[in-house]
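One structure is given here, and the rest of the page talks about it.
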Amino acid sequence: MKKNMVAFLPLTFLFASCSTNGTNQENEATENSQTAENTEVLAENLEVPWSIEKDDDTFYMTEREGTIVQLEDGDLNRQQVELDEEVSTASEAGLLGFVLSPDFSETNEAYAYYTYENEEEQFNRIVSLQLSDDQWQETDVLLDEIPSGPYHHGGRLKIGPDDQLYATTGDAADPAIAQDTESLGGKILRLNLDGTIPEDNPLEDSYVYSYGHRNSQGITWSDDGQMYASEHGDDANDEINVIEAGENYGWPQIEGQEEQEGMVTPRFTSGEDETWAPSGATYHEEGLYVAALRGSAVLEFDLENNEVQTLVSDFGRIRDTYIEGDDLYFITNNLDGRGNGGQEDDRLVRVDLTE
């Protein structure tokens, strides 16, 4: 672990208790303090970006209203996405998770998670996308009718070290479905890249990989293949969980450090008096680097010493993180309706972890 990080502050100074139930959240002050010397703003004026992906030197970032931003050689290009259903504008909804196919350089294929509404209900779906002539096109629906509701959509997509597609889903403001293994809500799901169910999934003929999640929005793996997930708690008690196949993570029966037989307690929790609202997560040298929306920071979770520290705290709400080499990238979400955005928001920022 590199210890010469930026703006290490006690957590009690950074977080205030609040409700994360998706309604009437007070706005946060996100005016920038002095920018740390080892940060560099790579892009400005993004429109509520949600996911970061990178192919060689080119970035791709989803925007919740339904576009994908390509950043190449400093030039920002907003690409249109033709989807079979109209993207929902409900709270927390939209074009969310996004991951490039492992063979993207040859196929121009990617995967996305988005919210839509039909005449009766609102759902999330996982689809494949094809990039052609500077425009993305939905080509196949891999999994549909994932519960959505007024908020708590989950939405993070990642391809694991086993080359399977993982997706986080929220409880859609209906906590009971998180314990229902027949429901796709409140889960971490595991799919083959063609949308079929992997034969070695823990529940027979089921996409469910783990359950009992309230609203997980970040997943990552350590070098040895251990999976971790970030999860929004209910009025504090945010969590960082060690994810094992088939396990029950307790919501709504337990949260934070509460215990119950057959349910897993988190590796880290914000506790009852603080909130992080953790979102995208990535792993680097025995540490998890997690975007914090309400915490307005990138948090470093030291897995060796079980410590939590603040890496960057002067850019407002943070939605996703991405690490390549010794560079960490993050995107702000100050224009998502719950922050006070500045004239340059939202932004993509690089942090040099060696300084």
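Data overview
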{"item": "Residue check, residue 332 within 26 Å of residue 76 (Cβ to Cβ), touching a Gly at 6+ places or on another chain (Cβ under 9 Å) and not aromatic (Phe, Trp, Tyr)", "result": "yes"}
{"item": "Residue in the stretch 312-327 that is among the acidic types (Asp, Glu), assigned to a loop (DSSP other than H, G, I, E, B), buried (at least 20 other Cβ atoms within 10 Å of the Cβ) and on the phi < 0 side of the Ramachandran plot present", "result": "no"}
{"item": "Residues of the stretch 95-119 classified as closer than 18 Å to residue 154 by Cβ and either surrounded by fewer than 23 Cβ atoms within 10 Å (Cβ to Cβ) or among the hydroxyl-bearing types (Ser, Thr, Tyr) (or both), total", "result": "7"}
{"item": "Scan of the stretch 160-208 for residues that are surrounded by fewer than 22 Cβ atoms within 10 Å (Cβ to Cβ) and either basic (Lys, Arg) or modelled with pLDDT under 95 (or both), ordered by number", "result": "none"}
{"item": "Per-region count, the stretch 82-106, residues under 25 Å from residue 172 (Cα atoms) and either of a type in the set (Lys, Arg) or modelled with pLDDT of 95 or more (or both)", "result": "13"}
{"item": "Out of 294, 319, sole residue that is modelled with pLDDT under 95, within 15 Å of the chain's Cα centre (by Cα) and within 23 Å of residue 168 (Cα to Cα)", "result": "294"}
{"item": "Matching residues, the stretch 117-157, being of a type in the set (Ser, Thr, Tyr), modelled with pLDDT of 95 or more and closer than 16 Å to residue 171 by Cα", "result": "148"}
{"item": "Scope the stretch 328-355; condition among the charged types (D, E, K, R) and either part of a strand (DSSP E or B) or under 19 Å from residue 97 (Cα atoms) (or both); matching residues", "result": "336, 346, 347, 350, 352"}
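The values are calculated or read from the model by the stated rules, or taken from the named source; none is laboratory data. Everything numeric in this text was worked out from a predicted model, so none of it was measured. We place every Cβ from the backbone using ideal geometry, glycine too, and count neighbours over all the protein chains shown.
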